[in-house]
Amino acid sequence: MNGVLKVLLDIFRQPAVIVALISLIGLSVQRKPLTDIMKGTIRTFVGFLVLAAGAGVVSGALTPFGDMFQEAFHVQGVVPNNEAIVGTVLVQYGSVAALIFFLGMVINILLSATTRFKYVYLSGHVAFYMATMITVIFVAAGFPTWGVLLWGSIAQGLIVTLSPAIVQPFMKDVTGTDDVALGHTGGAGIALGGLVARLTRSKKHPSKSTEDIHFPSGLGFLRDTTVIVALSMGIIYVIVALFAGPTYIESKLSSGENFLVFSVIQAATFSAGVFIILAGVRVVLGEIIPAFKGISEHLVKDAKPALDVPVTFTFAPNAVMIGFLSSFVGGIVGMTIMAVAGTTIIIPGIVAHFMTGGATGVIGNGAGGRRGAILGSFVNGLAITFLPLLLLPVLGSVGHANATYSDADFGVAGVFLGYLNRAGGQIAIIAGLVISVILVYAVSFLLGHRKTASAQATK
């Protein structure tokens, strides 16, 4: 049993495998020729691996930057890093978390098939991270193993169904269609950023798009995304490196390589990672959306694939960098407030600020132009700084580690479930989940009724 579970976990933790299977199923139910099925499945699989490789390059380049930042400004505290805390949780609760992950996927499909929230969550890696957090909270609440599995799976299914739904109104502003959704554990912060962008936009003085930034003719090369990312990150890396000092960098990070050369290379590597991500996204979107029509027509009517945050990056590359920097500034402001208030300090997680901040920049730009990209991403930065602080007390013994979950959905879901437990124990958690399911179907019914009434009014 454990061997089969491990194989299934290895398969479904890989988003490339999930989207390839979706492509295979979608093209098959459309009765496409075998050659088209093979081509579409393989291109989707390889395209997502290209995307993942780019994300790995970006993360690898950002890791030493985070170390330099902490050394430069002598900051100590809790670092929001999903991979670090998930590794700790899996040692104790790996099997239970894996089962919650699988059953949560089943509930996601059931909810997609029976409600108007037609979002199939395909970002398997972050969904698995969510399952580990849910496991920790339900174990800390004292549920028996069967209770952890039952109620934890329902919570998982609800979260991965609703997270894309709250971002979708802003995704339509960005993409101009309703064909693709965002599936990532940063959904709540990204949606909050989009809302801020809408609230702060002005009809009299609309803010221009980040993609309309005009450079003097002599600086025309800056219109190239790869160039502008490499230059801007190069400046940031070098500034932080100067504060960190050559001794630390050359002895701890660069294996003796000159600290400035190392910093410039890391900045260029970061830009290369972004370039790879954009290439992978183009391939995946080109294959998965047509294939997904088969899913929506035969399995879950009108279903939309919810994909990882890099799916937004191609729509406004300038906004990605603006969003990252604005979110990071929000994280620094939040960290400063915590230091002054004397609370536990949450150190800005560089990868989280790039991924969710970049996506928020794109969403904010679509909702409110440059102003929306800056303000929306700044608010996202504050959210993913303060939510981990609120999450720490409800994680039981895991909350005493030096790392915690980073993205906004972890904070929102964890605070909701954890503080229900503090208020009324297991009964309060069960009641909260039952009410949540009822509300999902009630809202779905109202949305359907409104759509029907609107259709009749236009006749």
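The values are calculated or read from the model by the stated rules, or taken from the named source; none is laboratory data. Everything numeric in this text was worked out from a predicted model, so none of it was measured. Please note: Cβ atoms are built from the backbone with ideal geometry, for glycine as well, and neighbour counts cover all protein chains shown. Areas reflect the complete protein model, heavy atoms only, side chains present, ligands, DNA and RNA absent. Shrake-Rupley method; radii C 1.70, N 1.55, O 1.52, S 1.80 Å.
Looking only at the chain, where both bridge partners belong to it, what percent of the DSSP beta bridges are antiparallel (to the nearest 5)? Let's see the in-between values first.
Values: 0 of 8 bridges.
Around 0 percent of the beta bridges assigned by DSSP in the chain are antiparallel ones.
Carbon and sulfur atoms: what percent of the 1.4 Å accessible area of region 235-358 do they account for? Mind dumping the intermediate values first?
Numbers: 3200 of 4760 Å².
That share works out to 67 percent.
Rounded, prolate or oblate for region 1-102? Axes are the square roots of the Cα gyration tensor eigenvalues, ordered a ≥ b ≥ c, and the cut-off for rounded is a/c under 1.5.
Numbers: a/c = 4.37, a/b = 1.64, b/c = 2.66.
It comes out oblate by the Cα gyration axes.
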Please give the length that would be gained between I265 and H449 if that part of the chain were fully extended, namely 0.36 nm times their separation in residues minus their C-alpha to C-alpha distance (nm, one decimal). 60.6 nm
Show me the ranking of peptides 127-140, 323-336, 240-253 by mean Cβ neighbours inside 10 Å, starting with the highest. 127-140, 323-336, 240-253
Rounded to the nearest 0.05, FRET efficiency between A53 and S255 (Cβ-Cβ, R0 35 Å) equals 0.90
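Name the shape class, rounded, prolate or oblate, that the alpha-carbon gyration tensor gives for the chain, where a ≥ b ≥ c are the square roots of its eigenvalues, rounded holds for a/c under 1.5, and otherwise prolate holds if a/b is larger than b/c and oblate otherwise. The partial results should precede the final answer.
Details: a/c = 1.45, a/b = 1.18, b/c = 1.23.
Cα axes put the chain in the rounded bin.
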Report the FRET efficiency, 1/(1 + (r/R0)^6), for A423 and L299, where r is their Cβ-Cβ distance and R0 is 30 Å, rounded to 0.05. 0.15
Enumerate the calculated ³J(HN,Hα) couplings along region 252-269 in order (Karplus 6.51 cos²θ - 1.76 cosθ + 1.60, θ = phi - 60°), each rounded to whole Hz, writing x wherever the residue is Gly or Pro. 10, 10, 9, 6, x, 5, 3, 5, 6, 4, 4, 5, 5, 4, 5, 5, 5, 5
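Pop out the carbon and sulfur fraction of the accessible area of region 110-170 as a percent, whole number, probe 1.4 Å. The partial results should precede the final answer.
Values: 1170 of 1610 Å².
Carbon-and-sulfur percentage of accessible area, whole number: 73.
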So for the pair L231, R282, with labels modelled 7 Å out along Cα→Cβ, what separation do we get in nm? 2.2
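Extension gain F243-T88, at 0.36 nm per residue separation less the Cα-Cα distance, in nm? Can you show the working numbers first?
Numbers: separation 155, 0.36 × 155 = 55.80 nm, distance 3.22 nm.
Contour length minus the Cα-Cα distance gives 52.6 nm.
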Quick one: of K118/K301; K118/K451; K32/K118; K39/K172; K39/K304, which pairs are farther than 19 Å apart, Cα to Cα? K32/K118; K39/K172; K39/K304
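With +1 on each Lys and Arg Cβ and -1 on each Asp and Glu Cβ, and nothing else charged, work out how big the dipole of the chain is about its Cα centre, in Debye to the nearest 20.
Numbers: 26 positive and 19 negative charges, 307 e Å.
Taking the Cα centre of the chain as origin, the dipole is about 1480 debye.
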Given a 1.4 angstrom probe, what's the average accessible area per residue across the chain, in square angstrom? 43
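If a/c stays under 1.5 just call it rounded; otherwise compare a/b with b/c (prolate if a/b is bigger, oblate if not). Do that for region 315-459, with a ≥ b ≥ c from the square roots of the Cα gyration tensor eigenvalues.
oblate
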Sorted by packing (mean other beta-carbon atoms within 10 Å per residue), highest first, where do 33-41, 364-372, 381-389, 106-114 land? 364-372, 381-389, 106-114, 33-41
If amide H atoms are modeled at 1.01 Å from N in the peptide plane, then the residues at a separation of 5 or more from L182, or on another chain, having amide H under 5 Å from its own are L307
